[in-house]
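Worksheet: one structure, shown below.
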Amino acid sequence: MGLNTGLKFVRRLFPLLLLSFILSVSISEAGLKENVFETALPNGLKVILLENHKAPLVTFQVWYRVGSRNEAYEKTGLSHVLEHMMFKGTEKTGPEQFSRIIQENGGNDNAFTSHDYTAYFENLSEDRVQVAIDLEADRMQNLVLREEDFRTERMVVMEERRLRTEDNPQAVLIEQIMATAFQIHPYRWPIIGWMEDIGRLKLGDLKAYYQTYYNPVNAFLVVVGDFKKEELLTRIEKAFGSYSKGAAPNQEKDKEPSQMGERRIFVKREAQLPTILMVYHVPNLRNPDSYILEVIATLLSGGKSSRLYQSLVREKRLVLSAEADHSLVSRDPDLFTLSADVLPGKEVAEVEKAFDQEIGRLQREPVGEQELVKAKNQLEASFIFGQDSIFNQAMLLARHEIATSWKAIDDYLPSIRKVTPEDIQRVAKKYLTPDNRTVGILIPLPPKEGKPAPDGPSTKEKMIR
Amino acid sequence: MILLVRLFIPHSLRARRLSEPEAAFPACPAGRRIPNFRPLFLILTLTLMWMGLPVGSLQAMPPVQRMTLSNRLVLVASGEHSLPFVTLQLLVDSGSRRDPSGGEGLAYLTAKGLLHGTSKRTINQINEELDFLGASLNSSSGRDYATLSLRVLKKDLEKGFDLFMEVLTQPVFPEEEMKREIEKTLAAIQSEEDQPEEVAEKAFLKALFLNSSYGHPVEGTEESVPKLKREEIVRFYGSYYHPNNAILAIVGDITEQEIKAKLVPQLEKWPKGEIPKVPFITNFEKEQKTVKINRPITQANIILGNVGVSRENPDFYALTVMNYILGGGGFASRLMEVIRNKRGLAYSVTSFFDPGKYPGSFQIVLQTKNPSAREAISLSLQQMERIQKELVSEKELEATKKYLIGSFPMRLDTQGKLANFLSQVEYYGLGLDYPEKYPSLIRSVTREDIVRVAKKYLHPKKHILVIVADLKEAGLE
């Protein structure tokens, strides 16, 4: 059943967003560094290869180091619109032919945009990998941007924004809380962009953006699956090698200054259940505290024996679901998130109090040995389960590469294993403080007309207790 | 972490496909959603002679063993040893189509209730133990059947399997816990009101299937769920949860010897039972019907369709090809071309059949800004009519066949997908050689077949139309 809570909601919408799950899962612990091969073409294009011969399949992925963090005021949504336009063809390939060609070869393709990156991938049979190589190499430099295609595709993106955000109360809350928690750093605006900005983008903006960011020096390839690396590398060199390096774009962004006190926002709109989000500024994996936050998130919401589930769902019966989430592999420091969908007839203030109690407990009481081992076991098991998929393996390598380096994956399990009860107390005290947080609350309004009011207190009576 | 993908499939469709037959049916093409691309396993270490069945020879399908236990439980297994974990999926023929009238949600609540306590362990003990193993054990129900699935590290297989068997054969459905589950289900039903696509989907199924067994939501309704009683759950469980009404798929790091030595003895203790015969009520709307639901939203959520087919229908393969061309083929489909690529009217437009043991539905699903609703509906109807009248081009047909056949291996490329696939192949009696037969089933479809099935199974004149929108803005008041 689709139950929305903060980031979980995000996962629900975007299947790829098993991601924060994927992140706890990864490549075989044993000798990743030995199995992954990295090289760079003379023009600066980095190539990351992992052979995996369990099935005659390959995932071929091109990652560009450009996302909404690279955008500017009044030009938000540019990265994502360009991602859509990447399917509008080159001199060789007609508009919207790209996916048709991949599908005729028995493959699937898609693309995605995030704060930090824009990525394109093809999943196909190993004997078809050349098709993906040629098409991706072609559109890295030879995209044809036409006014007519742009106008139509902009309408598609506006529909996408309506679907994802405008008609979704929780999505609006997330957008609002990001715009409050971040004031300087570009994580502040939504990846899809503000509707007004999408409406005023110009074809010239796209051309300049493509010119700046779609260069060998600002991209890398990740290929995982059934191939021989020498042979594949020859093919890649042939297809991508002739492009000139391009200028490395400036990737420096201003740091978000420390927060000087709690911020609080409300979104009031027609909705069924209240939602609460609490977000705290935290470091990414450049700082070892980040791995401790991974363990904290697991203690709080890993499984039905976790603290939030036991306390908020079972004992206090306040919420339908509660989640803790941490973005380990963002390029710049991001947020640690607590979220909950509040049950009908329950007070949001009670939920907030319960969250505070759980945070306080993390700060005050050392976590018991059994509970800590449980959290680590969960992270390790997920780590192994996630290796079932070459697509996930490629995603994991690429996301670490975006944040720091794919090599950081090797630190994941050892870093998790060495977390101590004292670490947890220290990190909870350091980051999970009221002054460092933004609280966002969705307050449901009753419908104006057309249907009966969502049940407030009356639902309570209907509930069987 | 937030990502925008070029195209994703709306939640309601995904949810249904996950709880219902998925892997045995055409893979979602590119763009419909992001596939989880995982390796499938060719290297086999299971001996080839178990039950004397031939091993699948096609690369798409790892070897599979099938056996029937003394209590009539059918076991399908496929070993692969590169990763140290095991996936079990049990399918019990006890889906919501068996819900009594007025007791909608009973099958769902029973499936959920399995995990709420056993004669040996409380719900908290079960959850604590599972989390300590890092394992997952889930139960749910769809229209046709319920599933219980376990994923556990190889080293913990015995503990995990003990839990699996305990919740399956000794659940106690504690009164207090079932009340909680009812409360949770009701809140979830309420929260689905915030998702226009869910609202549309429920309205569509109700309008199409009337009072037939597929007409109500699997999780029940606001009216029916509060009335469900523990005794009914216990009775429902006692009626249907028997080995002779179930299929167990076992996939991953486990050998035939281990299955026989460690799993079979416990499985055989599960007692057989007499399964009640419940008639399937077939009654669907045969005339054109429009349902309009007013909401203060920016997009019209539209479902247009009619009754579909059962999985056993011999036209299934011709329909698969036809639907790919019409609206199932992602960016290769006509609806996508006309509505998204040419006119920019929608981000997502798709069509599908959702066949079950009995005929399901055919649906075109799209979202467009309110003022474009009429245009998008009329374009969709035009495409339904066009594929009924004109032969598709040779080129379209060939491209479709290449995709469906070529992408087949990706439908079996994780333990979870393979377990789901195997249990469904068994459920629908497709035969373990299905992956080998599939290419020829698809190849044999002709252009004339497509016109024939389009005429027979698409009803543009007698469609069911559901619109959830700001009706005033959509000009549909």
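The values are calculated or read from the model by the stated rules, or taken from the named source; none is laboratory data. Since we're looking at a predicted model, the values are computed, not measured. As a convention, Cβ positions derive from the backbone with ideal geometry for all residues, glycine included, and neighbour counts pool all protein chains shown.
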Would you mind stating whether A:Leu273 is crowded, with 24+ Cβ neighbours inside 10 Å and more than 9 Å from every other protein chain (Cβ to nearest Cβ)? no
Enumerate the pairs (first residue in segment A:157-171 and under 11 Å from B:Ile297 (Cα atoms); second residue anywhere and crowded, with 23+ Cβ neighbours inside 10 Å and of a type in the set (Gly, Ala, Ser)) with beta-carbon separation below 6 Å, excluding pairs fewer than 6 apart on the same chain, so at least 6 apart or on different chains. A:Pro169/A:Ala271
If we take segment B:231-327, then strands (runs of 3 or more DSSP E) inside it with 2 or more residues that are outside the structural domain of B:Thr147 (by TED's automatic domain parsing) are B:289-294, B:299-307
Show me the helices (runs of 4 or more DSSP H) entirely contained within segment A:55-163 in which 1 or more residues are more than 25 Å from A:Val329 (Cα to Cα) and among the aromatic types (Phe, Trp, Tyr). A:98-104, A:147-161
Quick check on this structure: which one of A:Glu323, A:Glu315, A:Glu294 is more than 9 Å from chain B (Cβ to nearest Cβ), over 21 Å from the mean Cα position of the chain (by Cα) and among the acidic types (Asp, Glu)? A:Glu315
Select from segment B:229-242 the residues that are in contact (Cβ under 8 Å) with a residue 12 or more places away in the chain and of a type in the set (Asp, Glu) and list them in ascending order. B:Glu232
Counted residues in segment A:412-424 being crowded, with 17+ Cβ neighbours inside 10 Å and under 16 Å from A:Pro366 (Cβ atoms) come to 3
2 or more residues over 29 Å from A:Lys407 (Cα atoms): qualifying strands (runs of 3 or more DSSP E) within segment A:219-288: A:263-270, A:275-281
Filter segment B:188-245 down to the residues that are among the hydroxyl-bearing types (Ser, Thr, Tyr) and touching a Ser or Thr at 6+ places or on another chain (Cβ under 7 Å), then identify the one that is modelled with the lowest pLDDT. B:Ser212
Could you list, in sequence order, the residues of segment A:130-154 that are within 13 Å of another protein chain (Cβ to nearest Cβ) and touching a strand residue (DSSP E or B) at 6+ places or on another chain (Cβ under 8 Å)? A:Val131, A:Ala132, A:Leu135
Applying the selection to segment A:370-381, what residues are without any contact (Cβ under 8 Å) to a residue 24 or more places away in the chain and either on the phi > 0 side of the Ramachandran plot or not polar (S, T, N, Q) (or both)? A:Val373, A:Ala381
Tell me which residues, restricted to segment B:142-165, are within 26 Å of the chain's Cα centre (by Cα) and either within 18 Å of B:His116 (Cβ to Cβ) or part of a helix (DSSP H, G or I) (or both). B:Ala146, B:Thr147, B:Leu148, B:Ser149, B:Leu150, B:Gly160, B:Phe161, B:Leu163, B:Phe164, B:Met165
Does A:Ala349 satisfy the condition of being within 30 Å of A:Leu397 (Cβ to Cβ), free of Cβ contacts under 8 Å to residues at least 60 places away in the same chain and more than 9 Å from every other protein chain (Cβ to nearest Cβ)? no
Only one of (1) in the same structural domain as B:Ser333 (by TED's automatic domain parsing); (2) among the small types (Gly, Ala, Ser); (3) touching a strand residue (DSSP E or B) at 6+ places or on another chain (Cβ under 8 Å) is not met by B:Ala419, so which one is it? (1)
Within segment A:180-205, residues among the hydrophobic types (A, V, I, L, M, F, W, C), crowded, with 17+ Cβ neighbours inside 10 Å and part of a helix (DSSP H, G or I) come out as A:Ala181, A:Met195, A:Ile198
Cβ-Cβ under 6 Å, sequence separation 6+ or interchain: first residue in segment B:170-196 and over 12 Å from A:Arg317 (Cα atoms), partner of a type in the set (S, T, N, Q) and surrounded by fewer than 19 Cβ atoms within 10 Å (Cβ to Cβ). Which pairs? B:Gln170/B:Ser119; B:Val172/B:Ser119
Does B:Ile405 satisfy the criteria of being farther than 23 Å from A:Asn392 by Cα, in contact with a strand residue (DSSP E or B) (Cβ under 8 Å, 6 or more places away or on another chain) and at pLDDT 95 or above? no
Answer yes if at least one residue in segment A:18-34 is more than 25 Å from the chain's Cα centre (by Cα) and at pLDDT 60 or above, and no otherwise. yes
Among the residues in segment B:385-405, are any surrounded by fewer than 24 Cβ atoms within 10 Å (Cβ to Cβ) and within 22 Å of the chain's Cα centre (by Cα)? yes
Quick check, is B:Glu448 out of contact with any Pro (no Cβ under 7 Å at 6 or more places or on another chain), part of a helix (DSSP H, G or I) and surrounded by fewer than 16 Cβ atoms within 10 Å (Cβ to Cβ)? yes
Selection count, segment B:459-476, where residues are under 17 Å from B:Ser361 (Cα atoms) and in a loop (DSSP other than H, G, I, E, B): 5
Residue check, A:Leu308 of a type in the set (A, V, I, L, M) and assigned to a helix (DSSP H, G or I): yes
Does segment B:330-347 hold any residues that are assigned to a loop (DSSP other than H, G, I, E, B), within 7 Å of chain A (Cβ to nearest Cβ) and small (Gly, Ala, Ser), and which are they? B:Gly344, B:Ala346
State which residue is farthest from B:Gln299 (Cα to Cα) when the search covers only segment B:155-174 and only residues that are more than 10 Å from chain A (Cβ to nearest Cβ) and acidic (Asp, Glu). B:Glu158
Of the listed residues (B:Val64, B:Val86), the one being β-branched (Val, Ile, Thr), in contact with a strand residue (DSSP E or B) (Cβ under 6 Å, 6 or more places away or on another chain) and not assigned by TED's automatic domain parsing to the domain that holds B:Glu223 is B:Val64
State all residues of segment B:243-267 that are touching a residue at least 60 places away in the same chain (Cβ under 8 Å) and polar (S, T, N, Q); if no residue qualifies, say none. B:Asn244, B:Asn245, B:Thr255, B:Gln266
Would you mind telling me which numbered condition in (1) touching a His at 6+ places or on another chain (Cβ under 8 Å); (2) within 30 Å of B:Gln65 (Cα to Cα) B:Lys206 fails? (2)
Among all residue pairs at least 6 apart or on different chains, which show Cβ distances below 9 Å where the first residue, located in segment A:92-109, is on the phi > 0 side of the Ramachandran plot and free of Cβ contacts under 8 Å to residues at least 60 places away in the same chain and the second is of a type in the set (A, V, I, L, M, F, W, C) and in a loop (DSSP other than H, G, I, E, B)? A:Glu96/A:Phe87
Only one of (1) within 27 Å of A:Lys253 (Cα to Cα); (2) more than 9 Å from every other protein chain (Cβ to nearest Cβ) is not met by A:Val157, so which one is it? (2)
